[in-house]
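Okay, so here's the structure we're looking at.
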Amino acid sequence: MLRWSLTALGLSWTLFLCTASPSAAPERQGYLVAAPSVFRAGVEESVSVTIFNAKAETRVQVQLTVKGQTVAHSHGSLLDKGTIKLKIPSGLRGQAHLKVWGNRHLTEGGYIFHNYTTVTVESKGTAVFIQTDKPVYKPKHKVFINVYTVTPDLRPIEAYVLDPRGSRMVQWKSLKSVCCGVVNMSFPLSDQPVFGEWFIFVEVQGHTYNKSFEVQKYVMPKFELMIDPPNYIRDLSSCEQATVRAKYTFGKPVTGKLTVNMTVNGVGYYRHEMGHPVIKNMEIKGSANFSLCVKDMMPVDVADHFRGTVSIWASVTSVDGSRQTTFDDSTPVHKQLIDIKYSKDTRKQFKPGLPYKGKIEVTYPDGSPADGVRVRVKAELTPKDNVYTSELTSKDGQASFEIPSIPTAAQYVWLETKVTSIDDKTVGDQYLPSYLSISSWYSPSRCHIQIQSPGAPLKVGQEAEVAFKSTCPCNFTLHYEVASRGNIVLSGQQAANLTASHRGKRATAEMDSCVSYLRFPVSHSMAPLSRLLVYYVRENGEGVTDSLQIPIEPDFENKVSVSLSSNETLPGDPVTLRVRGEKGSCVCVATVDKSLYLLKPDFQLSPDKVNDGHFWWPGLSSRRRRRSSVFPWHWDITKDARFAFSETGLVVMTDMVSLNHRQSGGMYTDEAVPAFQPHSSTLVAAMHSRPTARAEKRRRTFFPETWVWHCLNVSSESGEAELRLEVPDSITTWVTEAIGLSEEKGLGLAKRAELRTFKPFFVDFTLPYSLIRGEQTKVPLTVYNYLPSCAEVHVKVSVPKGIKFIGHPGKHHLTRKKCVAPGEATPTSIVLSFTELGSANITARAIAYSEPSCCADGMQAGKTSNDVEDRRTPIGLDYVRRTVQVEPEGLPREYTYSVFFCPNERIHISTPNKYEYQYVKKPAKMNQFQVAVKTHNDAHFALSASPHDSAEMLEIVLGGRQNTRSWISLGKMGEPLISAATPGLLSWDEFRSFWISWKGGVGHGLHPSNDSVILQWVGQFHGQVRHIGFSTGWGSVGEFKIWRKEDSDENHNEAFTLGVPHNMVPGSEKATAFMIGDVMGPTLNNLDKLLRLPFGCGEQNMIHFAPNVFVLKYLRKTRQLSADVENEATDYLLQAFVLKSFAQSRGFIFIDPEELRAAKSWLIKHQRDDGSFPAMGRILNKDLQGGIHGKISLTAYVVAALLETGINTEEEKLAVAKAKEFLESNTYSADDPYTTALSAYAMAAAAQRLRPAGPAPPQPHGPSHKTDSPTGV
C-alpha cells in the first residue's frame, strides 16, 4: 500500500550505506536500527535492522506506543539485515515511542537486544490534489471538481465551497470515491453569484486542502499573444530586437494593430520604481518586430551593480475586433554581464584527508551558460592564511575545482570566487566576489568516507553505480538504505570482498585513499531526489559516515497516456478518445478549450505541481538555503558521524557503533533534514495537424468551454479504455489532460493531447458577455477564408423579435457581401438595438463562391437575390448562432430582508390587503388548531376540502365590520350562520390567540373551553377539511401564526412579502434567497480560540470568563461541542464575581449551591425599599460594565441574574416582585435602547416566572392574552 502512494507523489529518496570492518573482533556482535524520525499516520513505514556478525536468525519486533498505549506492532525474522514494515494507524499525531527488540528469551537463537527512541507522528499521511475543469466560470455555469486522494486508507471525505464573502454555498458529507480514491463533485452557479475568488475546501483525516477558482463576466479570448524579448540586455547603450507573435487558437496568424509599452523596472532605490515609458504602434500579421532600447528608458549613470528588468506590455486588436493584452518582465538588465554562484551539489562540509570538489555555475543574466569567463577561486582559513588558489575558465556554464588537501586542524574554510575576465578582457573590481563557508567533518581516527556525485541524474529502471572514496582501506562490508519521502524503500549490503574487488578493478589509490563502487537498482519510489549515507565500523566501534543527495529523473510508475483518433477534425465530426493506464486505474479525462489556458495558463495539475506542492515530509522545509553570500560568515562547524543520519531524516539506535565524537567546543546542530527536495520537470505536448479542406453544412450552435469531463475505469487486460465523442462546433484547439490513480501504482499524469477543430471557410462574430436594453451596439462579423482561392462571400444575419437593425427598420434579416482573399480574414459589422431582456440569439449564415478576379470591379454591401445564389455552386458554407444576455438599464439597487425559518416554530403567514385566501394543507390528524392573529380587522379563515374557494367551504370572520363583529358563514361571503358582537377583538399592536375547532366553534386562548367560546355552531361540521385558508382585506393586512412547521405532513413552503421601489425598471426585479442553518455560524469561526486563560484580578478574569460560558452554550446548542473543547474550556474556568455567569456555567462545571445562595442573599440584602438595586463600589474594568449605567439598567440586570440562578424562597420571590414593580414604573424614563431592551427582558422573564400555576380565564369577548412569551436575550 505504501508503494503506490509514494509513487504518486514522485518525490525524492535517500540512500544510506553502512559498512563494518572485517578486521573488527569477529566474536563481537551488535545491532543498528534506523527508522524515520517522523512517521505518518495511515502509512506503512519501514524500520531497518542490521545485526553485525550474526550467527543465527533473530526475531525482531517493532512497537509504536502513544501515551503508554500500543498503537502499532510488527515483527519479522532476519539473519544480518532486513526491514520490518509497520503500519501506522490513521488519526494519530504528536510524540510517540518506537521500541525495537530481538529474541526476548535466551533459548531463542540470534541476538538479544532491546532499545527505544522518540519519534514524531504526523497526521498528514495523505496527499490530496483538487482539480477543477476550468479556472474561471460565468454565472449559471456548472463547476466540476475531482479530488484525488492518494492514501492507503480510502476514507470518506468532506468538502465545501465558500464564495468571496465567506458564505458556505454548497457542502458534501461522507463523499466516497468512485474508484481508486477519486471523488467527483459538481454544483451549478446561480444566475446572480458573487463575483470574485471562490474556494473549494476538502477535509481528509483532519487536514484541510483548498483550491480556488474565479467567477467573472468574461469573453473567451480568440487568440494567443506572446512576447519574444531578448534573453538579456548585453549592452545598456545599444538596442536589441524583440518580437510579438499573435496566433488564433485554431493555429492561424492574427492580423491587426499592435501597441507596445516598455519601461525598465527597478531604476531607483526601490525595486518597484519605473523608468521612462516608451510606446510604439505598428501593424501585425502573425508577428511583428520592434527595437528595445533601454537607454531611452533609464538614466545613464546607474550603479555598477544595477539589476533591473524590462517590463513590456503588448496589446493587439485584431481585424475582427478582438483585443488581447499580455505582459512580460523576463528580460534582465544588469550592469554586470556575468553571474556566478556555487552549484547545488557543492558540499558545505569537507573531509580532512580527502580532496574537496566544488563547482561554480557561470551564467548570463537570463541564466544561460556563459563560456570563456575566467574566475578565481581561493580557499582561506583566515584572511591571511590561504590554502588554495586557482584560475578557472568556464565551459558549458561551469567551472569545477578541486582542493587537494585541507589541513586536518581546520574547522572551517572560506571559499571566495570572483570573476576576473570576460572574453580575455579584465573586468577589474566591479564584480563582487561570492563566498561559501564550509565546515570540517570530524573523526577521532581520521578515517573518512566520501560519496562522489554522479555526473548525471539517475534513471528509473537502470542499475546505479555510485563511487565513494575512503581515507582508510576499502576492505569493509557495505550496508545501505535507500530512503524516499522520509521512508526507507530499499535495504541491502555489499560484502567486503566485493567492495575491495571493485577498488581493484575500477580505481587506483589517490593520496592514501581508496575508491570503490556501490551498485543498486533505481526504482520509481526513489524519484526525483535522493540522499545517500555511508558508514562502516572500525575495530574500536567508531562509525565513519557520509551523506549525499542524488537526483533521479522524475517518472510516474503509473504510466498514463491519452490520445485522440485524429489530430484535426471538422466541427461535429466523430472522434475516439483513448486512455491507457495500469490495469485497475481510474483515469479522469478533462478536455477544455485552449482559450481557457490563455485566461490562466497551467491551471491544471502538472508534474511540477505534484512534486513541488504536496509533500508528505512533515514540518520541514524542502528547500534549504545555501550559505553563499558576499560576506564570509561561517556556520555549523565540526560535523560528526551522527550528522549524516539526522541529515537523512533518520533516527538511529545501536549498541555497537559510536556516532557521537565531536570535538569539544565545536559547534554542532542536530537539524533534521528531509530526505528529499522538490523537483521541477516540464510537460511537453505534441500536436500533429492533418489538414482538412472540405466544406460542410452543419449549423454551429454548440460552443462549450469544457467538452469532456469523465472518469474511466481501466479494467481490461490491455490497460486501455475509450470514449466515442462528437466534436463541438468551436473553431479552436481542444486540450486534453488525463490523470490516473491506482491503488498499486499511485498517481500518473499523461502528456497533454491537442485536437484542432478547423474549417477552411467560416464566419464568426464577437459578442460581449452582456448588453444593456435600449443601447445601440456595433457587432463585428469576420469572414475567415483559408481556401486556396479568392471568394465572394454573402453573409446573412438574422435576429429574433426584440432585436432591431439600426438603419433598417422592420427587418429581421440583413445581408452583406464581401470579397475575401485566400488566407485572409475580412471584417464587416452591423449595428443592433436590443429591446427585450433575457437571452437573445443572433445567427449568421455565410456562403462563399469562387471569384477568380477577386472582385476587381468592387463589391457593394446589399441584399443578395436568391436566384443568383442558386445558379452557382458554393465552395464554402458556414452557419453560426451565438447567444448574448440583455440586461436592464438603470442603476442596480439591492434590498435585504431577513426572516427566521425555524422548523420547531409556528408557520407564519403574511396576508396583503386583498381578499384572497392563502391555503395551507392541514395535518391529517388535526381536528382543531390554534392561531395567533395580528391585524386591524377582518381576519378570515376558510375550512375547505380543496385549496380553492368553493360554495361548500366554511368561512370564519373575526373582527369584521371594522373590528366590531364576528360570524361564520357557508361559502365565501355567504350568509352568516351565526354571528356575535366582538368590539376590539383584534389588534395590530400585538398577536392575539384563538382556537378553531371542527366541533366546538371559535374561541379565545390556546385551548377550547366553554368559558372562552366566541362563536359556536350546533353539532359537528360535516364537510371535509383538508385545507385551511387565511386572508385579510377591507383595508387591513395581517399576520397569522398557526401550527408548527414540523407538524406538517409535507414539506412546508413559506411565502414572504418583498417590497420593491415604485421607480423600478420594468423586468429588472430579481430575488435571491440565502438560507443559513446556523445564524451565528458564518460569523463565529474557530470559537474554541475564544476560550481564555484566567489571569490578573477578578474583574479581568470575569470579562474573559463570561465569553467562555457563552461560547460553550452556543456550541452545545448547535451540536458542535467536542469533548476536547469542553475539557479545555472547563480547565480554564475560575471563580468570578458575577452571579449570572456562574448560573449559566452550571451546565459545564460544578458550582457550589451555597456560593450562589450567599451571592443572592448579598444582593437582596442591599435592595432598596422602592425595589431598585443600587450601585455598590466602583468598577475599574469598563468592559465588564458594558452598557449598564444607572439604577434602572442595573436593577434589570440583577433581576435577570436572580431569575437565571433560580428563585426558590419567598424572600427571593418578594425581591424579584418588588424589582419588577420598580421597572414597570420607571422604564418609561430610560433614555437609551440598551436599558429599555434589558428592562423589557427582565420584566417579561419575571412575569413568566411569577405567573400563577393555573391559567387565568379569558374574557368572553375581550382581547386575548399574548401567546409569544420571551425566551431570553
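The chymotrypsin sites (Phe, Trp or Tyr not before Pro) of region 231-318 that DSSP puts in a loop, and whose beta carbon has at most 10 other beta carbons within 10 Å, are TYR269, TYR270. In loop segments of region 553-610 as defined by DSSP, there are no chymotrypsin sites (Phe, Trp or Tyr not before Pro) with at most 13 further C-beta atoms inside 10 Å of their C-beta.
In terms of Cα to Cα distance under 20 Å, which lysines are near enough to LYS55, apart from those fewer than 8 places away along the same chain? Those lysines meeting the cut-off are LYS81.
Ranked by Cβ crowding within 10 angstrom, fewest neighbours first, how are SER730, SER646, SER1239 ordered?
Values: SER730 22, SER646 19, SER1239 25.
Least crowded to most crowded, the residues run SER646, SER730, SER1239.
Pairs with C-alpha atoms separated by more than 18 Å, drawn from the list LYS222/LYS252; LYS922/LYS999; LYS459/LYS559; LYS217/LYS801; LYS559/LYS751; LYS1160/LYS1220, are LYS217/LYS801. Given a Förster distance of 25 Å, report the FRET efficiency between LYS176 and ASN210 from their Cβ-Cβ distance, rounded to the nearest 0.05. Given R0 = 25 Å and the Cβ-Cβ separation, E is 0.75. Rounded, prolate or oblate: which fits region 906-1047, taking a ≥ b ≥ c as square roots of the Cα gyration tensor eigenvalues, rounded meaning a/c under 1.5, else prolate when a/b beats b/c? The shape class here is rounded. For region 235-334, what does the alpha-carbon gyration tensor say about shape, rounded, prolate or oblate, given a ≥ b ≥ c as the root eigenvalues, a/c under 1.5 as rounded, and a/b over b/c as prolate? Prolate shape, in that a/c is at least 1.5 and a/b is the bigger ratio. Is the shape of region 761-887 best called rounded, prolate or oblate, per the rule: a/c under 1.5 gives rounded, else a/b larger than b/c gives prolate, else oblate, with a ≥ b ≥ c the square roots of the Cα gyration tensor eigenvalues? The shape class here is prolate.
Loop-located trypsin sites (Lys or Arg not before Pro) in region 953-1002 (DSSP state not H, G, I, E or B) with no more than 14 neighbouring Cβ atoms inside 10 Å: LYS999. Remark: the ASN386-SER237 segment gains 49.6 nm on full extension, using 0.36 nm per residue and subtracting the alpha carbon distance. Cross-link partners for LYS67 among the lysines, with Cα-Cα distance under 30 Å and sequence neighbours closer than 8 places in the same chain left out: LYS85, LYS87, LYS99, LYS124, LYS1089.
With +1 assigned to the C-beta of every Lys and Arg and -1 to the C-beta of every Asp and Glu, and no other charges, what is the dipole magnitude of region 761-887 about the Cα centre in debye, to the nearest 20? If you can, show how the numbers build up before the last one.
Working: 15 positive and 12 negative charges, 75 e Å.
My answer is approximately 360 debye.
Could you compute the FRET efficiency for THR1072 and SER979, with r as their C-beta to C-beta distance and R0 at 51 Å, rounded to 0.05?
Values: r = 46 Å, r/R0 = 0.90.
Using R0 = 51 Å, I get an efficiency of 0.65.
Just so you know, all these numbers are worked out from the coordinates, no wet-lab data involved. No experiment lies behind these values; they were computed from the predicted model shown. Every residue, glycine as well, gets a Cβ built from its backbone with ideal geometry; the counts of neighbours run over all protein chains shown.
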